[in-house]
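The values are calculated or read from the model by the stated rules, or taken from the named source; none is laboratory data. Nothing here was measured: the structure is a model prediction, and the numbers come from that model. All Cβ positions, even for glycine, are placed from backbone atoms using ideal geometry, and neighbour counts span all protein chains on display.
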Amino acid sequence: MLWKQVFVLMFINFHLETIITALVSLHDFRKAFVELIHAGIVKYEGCSMKPAVIVVDMINDFVTGVFKSDRAAKIVPNIKALLDHARKQKVPVIYATDAHLPGIDPEFDVWGRHAEAGSWGAEVFDELKPMKGDFRVFKRKYSAFQGTGLDQLLRELKVDTIILTGVVTDICIQHTAADAFFNSYEIIIPEDCVEAVDARTQEAAMNFIRKAYDPTITSSEELLKKKWT
Ligand code: ZN
């Protein structure tokens, strides 16, 4: 009977809409709930975040060396304050820094020589030197996850959320955010702890990251007010 088929189709259509609406609401509810937990307004043992701070490429070559940048130098105190706060709370601090192999790494064809493994340029910038208990991974690609063992390290530390800091927003930060998203980590970006070569690039990269990877965008000042675990 035709009316029965029409009824079944209407029924399925109605429920599909209900299911989609419910899924969207669940996603929004989860996000709102996680934000309340992050703000310290709601405490929920089973759902509290387990963060780590990732410091990307805050090395000599990106601050005062071959890619010298006043914009990178400007975010050093903000990152430093964040790292001190993290260490006090026993939140892991992980440095992910370029350590390129000359003659092998294709990145040199694009950008020229920089941050060669073992060189001064590849050392962490003085004011942000790693401290006892911090972790360090060395990368040869833009993403802090590529070939570094970072994913394994984060899993062993039971980390589910990364607080992403460093340079440069449109390349290594963006690619790290992509891999974090692909590997199902929550992403928090304090906007005053990441930088690009100029304001326009910074804004464009942040807009892309915001749109593509659904991070929580905040500031170091806001994060310093909160307990993270
Ligand atoms: Zn590089």
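What to note about this one:
- Hits in the range 158-177 - residues which are of a type in the set (A, V, I, L, M) and either part of a strand (DSSP E or B) or over 26 Å from D70 (Cβ atoms) (or both): V159, I162, I163, L164, V167
- The residues of the range 174-187 that are touching a Phe, Trp or Tyr at 6+ places or on another chain (Cβ under 9 Å) and in contact (Cβ under 8 Å) with a residue 60 or more places away in the chain amount to a single one, T176.
- Selection from the range 111-139 of residues that are part of a helix (DSSP H, G or I) and within 9 Å of the ligand (Cβ to nearest atom): W111
- Of the numbered criteria (1) crowded, with 20+ Cβ neighbours inside 10 Å; (2) outside any strand (DSSP E or B); (3) β-branched (V, I, T), the one I189 fails is (2).
- Search result, residues across the range 40-69 that are out of contact with any Cys (no Cβ under 6 Å at 6 or more places or on another chain), at pLDDT 95 or above and not in a loop (DSSP other than H, G, I, E, B): P51, A52, V53, I54, V55, I59, N60, D61, F62, V63
- Restricting A204, A180 to those that are buried (at least 16 other Cβ atoms within 10 Å of the Cβ) and either in a helix (DSSP H, G or I) or in contact with a helix residue (DSSP H, G or I) (Cβ under 7 Å, 6 or more places away or on another chain) (or both) reduces the list to A180.
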